[in-house]
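Heads up: the structure comes next, in structure tokens.
The values are calculated or read from the model by the stated rules, or taken from the named source; none is laboratory data. Keep in mind it's a predicted model, so treat the numbers as computed, not measured. Backbone-built Cβ (ideal geometry, glycine too); neighbour counts: all protein chains shown. Just so you know, the surface numbers come from the protein's heavy atoms only, side chains and all, with ligands and any DNA or RNA stripped out. Shrake-Rupley method; radii C 1.70, N 1.55, O 1.52, S 1.80 Å.
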Amino acid sequence: MHKYVEPISVTNATPESERNPDKRVAAASSRVLGFHQDEDGHWVVELSCGHTQHLRHLPPWQSRAWVLDARERQQRIGQAFACGWCAQGADSDTLGN
């Protein structure tokens, strides 16, 4: 008889669904100032540090269903936001607007 070895579950957390998959240090000093949509209709967060970041909800890679709801977006204004640009040491003056 052969011993059955159960394969690893595909529902286990994967690195691309982790909160900080690239292991950058979060810059928690930024705050959400507001949101706007880009030319393709994707939501973009506007941050107090001067940077912006796309907030796409494209399961399974990005699960941000809250960004699709106007009330939930409004509730996030003023909250801390880990800016990926600040974590990389990017200066908002050097980024193209």
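Side notes on the structure shown:
- Flag if Gly41 is modelled with pLDDT of 90 or more and in a loop (DSSP other than H, G, I, E, B): yes
- When residues in region 30-50 are screened for being at negative phi and free of Cβ contacts under 8 Å to residues at least 24 places away in the same chain, 9 of them pass.
- Only residues that are without any contact (Cβ under 8 Å) to a residue 40 or more places away in the chain, part of a loop (DSSP other than H, G, I, E, B) and open to solvent by 60 Å² or more (accessible area, probe 1.4 Å) were counted in region 51-68, giving 3.
- The set of residues from region 69-84 being in a helix (DSSP H, G or I) and free of Cβ contacts under 8 Å to residues at least 60 places away in the same chain comprises Ala70, Arg71, Glu72, Arg73, Gln74, Gln75, Arg76.
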